[in-house]
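Every read-out reported here was derived from the displayed coordinates using simple, explicitly stated rules and does not represent laboratory data. Just so we're clear, the structure is a prediction, and the values are computed from it rather than from any experiment. Glycine also receives a Cβ, built like all others from the backbone with ideal geometry; neighbour counts cover every protein chain displayed.
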Amino acid sequence: MNIEQKQVTSLCGDMPGFSLPGASCLRAVSFLFSFYSLLYFVGCAVPSSITGKAPFSTRSGGLSIEPVVQKKTVVHPVTHPVPARLGGAEGSSMSEIPPEHFLVARVHEGQINALAVTKDGRRAFSGGQDGKVVMSTLLETRGVPHASVQGYVPAADFRPPAELIQSETILEGSKPILALTLSPDETQLLIAQYSSVAVYDFRSRQITRMLTKVKGRILAVDWDPRGELAALGRANGDVFVWNLSDEPSVHDDSFDALELYEGGSSPIVSLLFYSSGRALCVAERGGEVVIWRLLRTESELGLRDEKAKRDEARLGRLRKNIGTVGGEVEDLWLDRDGKILFAAAADGNVYRAKIRGLMPYEPITAETSVVFSIQGLDVPDGPGRYVRLLATSGKEQRIKFWCQHPEKAANRNPNGEKRVFVAQSVLLRTPATIMRSGRSSTILWAGEKTGNLLVFDANLLAASPSWMVRSEQCKD
């Protein structure tokens with residue numbers, strides 16, 4: 001059974017009161033698929049709201065987003081988050097990072113659902129409940145080179161990375177943006193809007209690819225390091241991999257460009273390609289974290305024969321279960337070396353496992369309740385040396401910083417105490433529900449339910465002697 005037949009079978013099973021027997025239902029629904037496909041190719045399909053030139057027809061009934069023709073650029077003044085409790089009040093401590101170290105800008109009307117950041121950390125792309133995709137850029141105003149560009153900067157010479165945030169709406173539509181991701185070369189952006197996916201090209205400022213064949217909400221996406229594949233995680237637990245290796249064509253929006261990795265039983269909340277592009281890490285809301293071997297990897301290893309009947313269906317086969325975490329999974333992060341996978345959970349813990357051998361480590365207890373998002377930051381501490389930090393955000397309404405590897409901290413502490421906590425923000429007005437950073441940057445971006453973006457540079461931790469003492473345990 002191929003991918004299209006599986007979707008038809010699912011449709012028949014989901015129609016309460018449908019009186020036709022199984023085989024008749026399949027034939028009837030298959031006829032409808034063929035009929036509407038014919039209408040599409042003869043030009044009778046209902047046009048979508050997409051405008052602008054593209055290398056193929058953009059007629060679709062599912063996608064409701066279009067490029068913004070006239071630029072809508074806003075330069076936000078210098079503002080900082082207003083803490084829910086002022087520093088120095090009961091419960092504050094020397095570990096709190098003052099609010100003036102954070103920049104904040106209102107870029108969406110309503111919750112920020114998705115966030116992607118360029119490698120240098122200077123630019124972020126956010127997708128919101130308001131149906132907009134916004135590009136936000138840190139503006140240099142002091143002429144001071146940033147640490148992420150020139151490497152280690154002594155604390156005495158450090159300055160904040162920017163005073164202003166410039167935002168520009170680049171896409172807008174009538175439905176919420178649920179997920180987005182940047183291409184490896186940062187020239188394209190992949191956006192998920194319910195069951196539809198689009199690829200936006202920054203050079204032409206147009207949508208150049210579309211996919212509307214996947215049924216159900218797409219909640220997570222990722223682009224593989226080689227730039228050939230995009231992974232799409234559905235609300236029913238299925239994962240599709242979209243082949244983007246060829247030039248854009250009308251065949252993009254078909255089952256011919258899809259692979260299916262099924263077996264999940266709850267919504268996919270996060271997807272991460274392994275650094276080599278040979279496997280895919282998947283987190284299910286229900287608590288399972290698994291790794292799939294890609295079909296491309298099997299072909300490269302000589303384990304697939306496209307002419308064989310068992311291989312022509314394009315269905316994933318090898319799935320390894322890392323384990324079940326306590327409570328629901330909220331987010332995934334893979335460390336810079338691609339060796340350890342981190343999972344944020346609803347029980348307040350960050351679970352960790354070594355990819356090779358699937359060996360679990362002791363979790364980090366970061367919250368008393370839900371951990372919404374996690375992100376790693378490698379802060380330069382001299383030539384070739386780094387302080388490896390893990391940022392967490394949760395229901396406690398703080399952004400906290402920890403050592404990524406508590407077992408190393410325990411080895412270095414003469415008393416055997418695992419000193420993994422470094423610092424935290426003041427109590428924020430609302431929780432940061434999503435965080436992202438650039439691969440080669442110390443800048444952290446965070447999105448709130450209010451539509452605010454927060455920006456923080458972890459190099460500021462090097463300016464505080466007390467924070468540096470704590471972070472000694474986090475060094476390589």
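Between residue 185 and residue 339, the distance separating the two model label sites (each 7 Å from Cα on the Cα→Cβ line) works out to 3.2 nm. If R0 equals 25 Å, the separation of the Cβ atoms of residue 358 and residue 313 corresponds to a calculated FRET efficiency of about 0.40.
In sequence order, segment 105-121 has phi-based couplings of 8, 8, 10, 9, 9, x, 4, 8, 8, 9, 8, 9, 10, 5, 4, 7, x Hz under the Karplus curve 6.51 cos²θ - 1.76 cosθ + 1.60, θ = phi - 60°, and Gly or Pro positions carry x.
Computed from backbone phi with θ = phi - 60° and the Karplus coefficients 6.51, -1.76 and 1.60, the 3J(HN,Hα) list for segment 213-218 is 8, 7, 8, x, 6, 9 Hz; x is used for glycine and proline.
Cross-linked pairs 132/449; 339/408; 395/475; 215/320: Cα-Cα separations exceed 18 Å for 395/475; 215/320. Residues whose amide H lies under 5 Å from that of residue 394, counting only those 5 or more places away or on a different chain, are 372, 432; hydrogens are built 1.01 Å from N in the peptide plane. For residue 286, the amide hydrogen comes within under 5 Å of the amide hydrogens of 266, 329, counting only partners 5 or more places away or on other chains and with H modelled in the peptide plane. Overall form of segment 228-297: oblate. Here a/c, set by the Cα gyration tensor axes a ≥ b ≥ c, is 1.5 or more, and a/b is not larger than b/c. Using θ = phi - 60° in the Karplus curve 6.51 cos²θ - 1.76 cosθ + 1.60, the 3J(HN,Hα) couplings for segment 328-339 round to 6, 8, 10, 7, 10, 8, 10, 5, 4, 8, x, 9 Hz; x is entered for Gly and Pro.
Within straight-line reach of residue 354, meaning a Cα separation under 16 Å, sit the following aspartates and glutamates at least 8 residues removed in sequence or on another chain: 288, 335, 337, 362, 407.
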